[in-house]
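See structure below.
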Amino acid sequence: MSNQSISAEIGRRIEQLRLEQNLTQKQIADEVGLSTISYRKLVCGGGKFENIIAVLRALNHLDF
């Protein structure tokens, strides 16, 4: 898989976690201090690594 494909897959999985928790994109974006547009870019594979970590933390899926 290419780097872009992996990024897109991570974004897809994050979006699935959000939906399973019945949260809106705005709720997650607000919680981690992102704009809704930045969150959408993140789930399309264009997010910064630090933002991905913040979103995973907000969704309680960061096991550190």
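By how many nm would the segment from residue 48 to residue 22 lengthen if fully extended, with 0.36 nm per residue of separation less the alpha-carbon distance?
Answer, rounded to one decimal: 7.0 nm.
In the chain, which trypsin sites (Lys or Arg not before Pro) are in a loop and have at most 10 other Cβ atoms within 10 Å, using DSSP for the loop call?
Of the trypsin sites (Lys or Arg not before Pro), not one in the loops of the chain has a Cβ with at most 10 other Cβ atoms within 10 Å.
Tell me, what is the FRET efficiency for residue 31 and residue 3 to the nearest 0.05, using R0 = 30 angstrom and their Cβ-Cβ distance as r?
0.65
So how tilted is helix 49-58 from the main axis of the chain? Cα-based, degrees 0 to 90, rounded to 10.
For 49-58 against the chain, the angle is about 40 degrees.
Relative contact order of the chain, please, whole-number percent, based on alpha carbon pairs below 8 angstrom and at least 6 residues apart.
Reported as a whole number, the value is 37 percent.
Largest first, how would 14, 6, 53, 37 line up by accessible area (1.4 Å probe)?
The most accessible residue leads, giving 37, 6, 53, 14.
The values are calculated or read from the model by the stated rules, or taken from the named source; none is laboratory data. All values reported here derive from a predicted model rather than from experimental measurement. Quick reminder, even Gly has a Cβ in these numbers, built from the backbone with ideal geometry, and neighbours come from all protein chains shown. With ligands, DNA and RNA removed, areas are computed over all heavy atoms of the protein, side chains included. Shrake-Rupley method; radii C 1.70, N 1.55, O 1.52, S 1.80 Å.
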